[in-house]
Amino acid sequence: MPDLAYVNGEIMPIEKAVVPIEDRGYQFGDGVYEFVASYEGRLFMLEEHLDRLERSMRELAFDPISRSEIKAAICDLLKRSGYPRAGIYIQISRGVAPRNHAITPDMAAQIIMTIRPVKEIQEDIRKNGATAITVQDTRWVRCDIKTVQLLANSLAKQKALDSGCDDAIFVSDQGIVREGTSSNLFIISGGKLITHPLTDYILPGITRTAVLNICKAADLEVEESFFGTETLYGADEVFLTGTVTEVLPVVRIDGRSIGDGKVGPITRRIYDLLRKQALAGGSA
Ligand SMILES: Cc1ncc(COP(=O)(O)O)c(C=O)c1O
């Protein structure tokens, strides 16, 4: 079965899918997206992803779209692909119109989706931990909305790769540690987990919520508070969370070892609990 695309109700092989050149997503970054993954043919936390998609559209004042239509299309793609471990990308742009900053009324939202097998994190990185650099957070100030404007994220990721690391961590001008280029970030200090609170400056990650719930159930102490780079460097353990990232240990940041430079036991435990939940088809 080829990788598939969905374009406004039609399903086709990905290479056949095209969008109009005056799509506002293409010209203005005026679009929102989600990425949802399946485990053994079951989509993990689909309803939570749909909730966030609806919120993103509301925040940008898009005309509402039927949730059941989007959900049916996602499930249909998954079924047709036959992929047990699928990654489904869903993008909704405001619409197509002659290029103009002003938003004209009555634009029809453009809904596109693609489905491919999930590109898993490399086995050695998953096992031994990732390395990261910190970068200045140059993104716009509504990082809580999952828009397609990912240039700063893409450039930061490439900077990390060019410097021989796996990912980059955004740090504000005031020195506050925000999140990864496509993941949220947790640190563990003295047995307590700390992560950035939900503000306009980070994405409300679905995996972040799953991890918070796992910690609650496992009686692990968690705090949502701001912290700086010195606290990050001095943490016992650091990990990133995301739909594909799952729970990924970070063992070296800006050339400094985190803890003893090895994957920590709490990170490993949370990863195992998340995998267990995902494979059981559970929700947060
Ligand atoms: C900037 C950013 N933060 C966090 C996340 C993690 O979100 P989720 O757990 O919903 O995949 C993502 C995922 O794409 C992201 O792009």
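The values are calculated or read from the model by the stated rules, or taken from the named source; none is laboratory data. Values in this document were obtained by computation on a predicted structure and should not be read as measured data. In this analysis, Cβ positions are derived from the backbone assuming ideal geometry, glycine residues included, and neighbour counts consider all displayed protein chains. When the accessible area is computed, the model is the full protein with side chains, heavy atoms only, and any ligands, DNA or RNA have been set aside. Shrake-Rupley method; radii C 1.70, N 1.55, O 1.52, S 1.80 Å.
Just checking, which of Asp63, Asp3 is away from the ligand (no atom under 16 Å from the Cβ), in contact (Cβ under 8 Å) with a residue 40 or more places away in the chain, over 26 Å from Ile103 (Cβ atoms) and open to solvent by 40 Å² or more (accessible area, probe 1.4 Å)?
Only one candidate passes the filter, namely Asp3.
Considering each of Arg99, Arg80 in turn, give the residue that is modelled with pLDDT of 95 or more, outside any loop (DSSP other than H, G, I, E, B) and either in the same structural domain as Pro13 (by TED's automatic domain parsing) or small (Gly, Ala, Ser) (or both).
Going through Arg99, Arg80 in turn, the sole match is Arg80.
For segment 175-279, which helices (runs of 4 or more DSSP H) that fit wholly inside it have 1 or more residues that are aromatic (Phe, Trp, Tyr) and surrounded by fewer than 23 Cβ atoms within 10 Å (Cβ to Cβ)?
Result: 229-233, 265-279.
Quick check on this structure: which one of Glu15, Glu34, Glu48 is acidic (Asp, Glu), within 16 Å of the ligand (Cβ to nearest atom) and either open to solvent by 60 Å² or more (accessible area, probe 1.4 Å) or out of contact with any Phe, Trp or Tyr (no Cβ under 8 Å at 6 or more places or on another chain) (or both)?
Glu48
Could you count how many residues in segment 217-273 are closer than 19 Å to Asp167 by Cα and either of a type in the set (Ser, Thr, Tyr) or touching a Cys at 6+ places or on another chain (Cβ under 7 Å) (or both)?
The total comes to 9.
Cβ-Cβ distance below 8 Å, separation of 6 or more or different chains: which pairs start in segment 140-153 with a residue that is over 13 Å from Glu34 (Cα atoms) and without any contact (Cβ under 8 Å) to a residue 40 or more places away in the chain and end on one that is open to solvent by 20 Å² or more (accessible area, probe 1.4 Å) and within 10 Å of the ligand (Cβ to nearest atom)?
As it stands, the answer is Ala152/Arg139; Asn153/Arg139; Asn153/Ser182, since those pairs meet every condition given.
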